[in-house]
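The values are calculated or read from the model by the stated rules, or taken from the named source; none is laboratory data. Everything quoted here is computed from the prediction, not taken from an experiment. Note: ideal-geometry Cβ built from the backbone for every residue, glycine included; neighbour counts use all protein chains shown.
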Amino acid sequence: MLNEFKSQKDKELIADWDALSRIFIRPENKATRATLVKYMEQILFGLHSFLNKNVGITQEISLKKLSEQFTDTHLNKHPEKKLKDVISCLIENIAPHAVNVASPYFIGHMTSAIPFFMVHLKTIVSALNQNVVKLETSKVVSVIEKQVLAKIHRLIYSNTDMFYQDHVQNTVSSLGVFTEGGTTANLSALWVARNQLLKPIPGFEGVEIDGIAKAYAAHGLDECFILVSKRGHYSLRKAAGVLGIGNKHVIPIDVNLKHQIELTHLMNTINEIKRNPRKAIIAVIGIAGTTETGSVDPLRQIGEICHQHHIYFHVDAAWGGPTLMSEKYRHLLDGISLADSVTIDCHKQFYMPMSCGMVYFKDPYFMNAIEYHSNYVNRMGSVDLGIKSLAGSREAHSLILDCAIKIMGTKGYALLIDYGIELAKKFAQEIEKRKHFRLITSPELNILTYQVCPESLQLALLNTTVEEKKQINATINELNRSVQRIQRESGKSFVSRTVLTAHRFQDGFVDDVVVLRCVLMNPMTTITIINDILNEQEAIFHQLQHERTDPCTLVKEN
Ligand SMILES: *Cc1c(COP(=O)(O)O)cnc(C)c1O
């Protein structure tokens, strides 16, 4: 039983001032200090050794069984457990049922192992408990935040030394802001873009003040649009919803065979919208590492199109941004410096703990469009970082990033980035060697998608009617759903699954395909491990075939 570990000998715990002073006030005597250090050791090393186990994504127990153990909806009035018991419970009973995202066999998502030192840095940041909403609760930390923002801004935009001297500690301008993640980073960028388009004009104070209805009326508009490829992250649709633009106005632009935005479709869409004076474009978004396939849009060309049409250009580099640190692969993001704003997640390829993102602005005064003041904090002319930030109170994540870069160096990050991209390439070669597998998207960064696709069906697909192709495709989709589920449930390895619309067949047949998706970011994942994972999938496939009694199944082995 997970939640039943209260030991018999514990005498009844009571909430009183005596107990409070023991847990709230700094430990003064040596004995309590030693106890706390011992707990910390348990946390840091106990959890670390759990997370470093090479196998076992999570313990085998059904969600149903688990949830049955957590149905107590009453708050306890008196303490139930002492700190040491809570910690033991977390380490021994809870952690094994959490997901071991640090396992090198866990290659399905953008959440993975983090360097050990991150836990220490996070602990220090928690202990300092600074609130970077205002200088009065953070002081030097706010100043460090501005410095690290300038460092990453330089990585993206490579402006002059003079530019960075002017802006690094400038209290009027802002190079970017830390956010909870990519979602709020994208939202912040589109917030700025919206306010720029629906700006104040005589008789209208701007959308931020007057609201969306007046904004459309004042600017003579019926609809505003955001353009992004079909591979755009769903956070962009959320942003359009929150900003009052309406998420149906996020127009999905077609992609090419490499899942990059189709430039002709983009241009045609822009021209079509511009033909109608009652329609306008808030932003065009380029993606530097799509969440599903890791594809990078042609950023330079999109940037040039936006420049030509005076459209705000945002780059969602939540995933791929840190590739800029790799001398070998940074060319993949060529043109990113044309972007008006750029999203980068820290909890992805900066390998920081959950959750932290950032957004950067080319023009250090763009964020003035989302400036807020109040009487007790964020007063006019102060350095308070909360003035231009969607969040109110927030943690000093910038301190973790600043320290992490000091520890790793951009070279250290580059080694991780290069390893992932090259491992993904080897992975793709491995898939191509196997007759029952089929590569769907070859990796541009460190993400790839593929299918378990029996040779017999691959052959059957070549020469047949469209109707039959659809049917065979449905069978393959079902097979991949099963393989992914069975592998996940057996708890040794994890790859994820998504649906792509793919042109898979030479004759132009297009259909939705269920694909297995892998993200290679854990430096402990090796090609041997990848082969283990593929072997397991192949074994599951053979097992399924063996068990199949369904007469309409097309999965036949010779
Ligand atoms: C992960 C991701 C996001 C969303 O970021 P969160 O940190 O999950 O909010 C947005 N865009 C892309 C391309 C991403 O990969």
Region 22-42 - residue that is modelled with pLDDT of 75 or more and of a type in the set (A, V, I, L, M) and, of those, farthest from ASN100 (Cα to Cα):
ALA31
Could you please tell me which pairs satisfy a Cβ distance under 7 Å, a separation of 6+ or placement on different chains, a first residue in region 345-358 that is touching a residue at least 60 places away in the same chain (Cβ under 8 Å), and a second residue that is acidic (Asp, Glu) and part of a loop (DSSP other than H, G, I, E, B)?
SER355/GLU180; GLY357/GLU180
Looking only at region 85-93, decide whether some residue is modelled with pLDDT of 75 or more and in a loop (DSSP other than H, G, I, E, B).
no
Failed item, numbered, when GLN165 is tested on (1) within 14 Å of ILE344 (Cβ to Cβ); (2) more than 16 Å from the ligand (Cβ to nearest atom)
(1)
Neighbours by Cβ (under 6 Å, 6+ apart or cross-chain): first from region 234-257, closer than 15 Å to HIS314 by Cα and polar (S, T, N, Q); second within 15 Å of the ligand (Cβ to nearest atom) and part of a helix (DSSP H, G or I)
SER235/THR183; SER235/ASN186
I'd like to know if region 115-133 contains one or more residues that are outside any loop (DSSP other than H, G, I, E, B), touching a Leu at 6+ places or on another chain (Cβ under 7 Å) and not assigned by TED's automatic domain parsing to the domain that holds GLN484.
yes
Scanning region 74-89 for residues that are free of Cβ contacts under 8 Å to residues at least 40 places away in the same chain and of a type in the set (A, V, I, L, M, F, W, C) gives LEU75, VAL86
Here are some residues: THR160, THR137, THR111, THR123. Which one is within 16 Å of the ligand (Cβ to nearest atom) and surrounded by fewer than 18 Cβ atoms within 10 Å (Cβ to Cβ)?
THR111
Specify the residue that is farthest from ALA396 (Cα to Cα); the eligible residues are those in region 168-202 that are out of contact with any strand residue (DSSP E or B) (no Cβ under 6 Å at 6 or more places or on another chain) and among the charged types (D, E, K, R).
LYS199
Give region 488-504 a look and list any residue that's touching a helix residue (DSSP H, G or I) at 6+ places or on another chain (Cβ under 6 Å) and either modelled with pLDDT of 95 or more or of a type outside the set (Gly, Ala, Ser) (or both), or say none.
PHE494, ARG497
Test: PHE437 is buried (at least 18 other Cβ atoms within 10 Å of the Cβ) and within 22 Å of GLN545 (Cα to Cα)
yes
Name the pairs: first residue in region 303-330 and closer than 21 Å to CYS356 by Cα, second residue of a type in the set (Phe, Trp, Tyr) and within 16 Å of the ligand (Cβ to nearest atom), Cβ to Cβ under 6 Å, at least 6 apart or on different chains?
PRO322/PHE350
Residues of region 173-189 classified as in contact with a helix residue (DSSP H, G or I) (Cβ under 8 Å, 6 or more places away or on another chain) and either acidic (Asp, Glu) or more than 16 Å from the ligand (Cβ to nearest atom) (or both), total
3
Are any residues in region 324-344 within 14 Å of the ligand (Cβ to nearest atom) and touching a Pro at 6+ places or on another chain (Cβ under 9 Å), and if so, which ones?
ILE344
Report, by residue number, each residue of region 298-323 that is within 16 Å of the ligand (Cβ to nearest atom) and among the small types (Gly, Ala, Ser).
ALA317, ALA318, GLY320, GLY321
Hey, among the residues in region 264-297 that are surrounded by 17 or more Cβ atoms within 10 Å (Cβ to Cβ) and away from the ligand (no atom under 16 Å from the Cβ), which one's nearest to GLN196 (Cα to Cα)?
ILE282
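So that you can scan it fast, the table gives a plain yes or no per residue for (1) over 35 Å from the mean Cα position of the chain (by Cα); (2) at pLDDT below 75; (3) not aliphatic (A, V, I, L, M):
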| position | (1), (2), (3) |
| --- | --- |
| ASN3 | no, yes, yes |
| LYS6 | yes, yes, yes |
| ILE14 | yes, no, no |
| ASP18 | yes, no, yes |
| LEU51 | no, yes, no |
| VAL55 | no, yes, no |
Selection count, region 333-378, where residues are assigned to a loop (DSSP other than H, G, I, E, B) and closer than 25 Å to GLU395 by Cβ
20
On the basis of being within 30 Å of PHE116 (Cα to Cα), surrounded by 14 or more Cβ atoms within 10 Å (Cβ to Cβ) and among the hydroxyl-bearing types (Ser, Thr, Tyr), does SER456 make the cut?
no
Of everything in region 306-338, what is touching a helix residue (DSSP H, G or I) at 6+ places or on another chain (Cβ under 9 Å) and either among the polar types (S, T, N, Q) or surrounded by fewer than 18 Cβ atoms within 10 Å (Cβ to Cβ) (or both)? Give them in sequence order.
HIS307, HIS309, THR323, SER326, GLU327, LYS328, ARG330, ASP334, SER337
Selection over region 319-332 where residues are within 14 Å of ASN446 (Cα to Cα) and either touching a Ser or Thr at 6+ places or on another chain (Cβ under 8 Å) or outside any helix (DSSP H, G or I) (or both) yields a count of 8
Residues located in region 287-345, provided they are among the hydroxyl-bearing types (Ser, Thr, Tyr) and touching a strand residue (DSSP E or B) at 6+ places or on another chain (Cβ under 9 Å)
THR290, THR291, THR293, SER295, TYR312, THR323, SER341, THR343
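Let's see how each residue does on (1) of a type in the set (Val, Ile, Thr); (2) away from the ligand (no atom under 16 Å from the Cβ); (3) crowded, with 17+ Cβ neighbours inside 10 Å; (4) closer than 19 Å to THR290 by Cα:
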residue	(1), (2), (3), (4)
LEU198	no, yes, yes, no
PHE204	no, yes, no, no
ASP210	no, yes, no, no
ALA218	no, yes, yes, no
ILE226	yes, no, yes, yes
GLY241	no, no, no, no
ILE245	yes, yes, yes, no
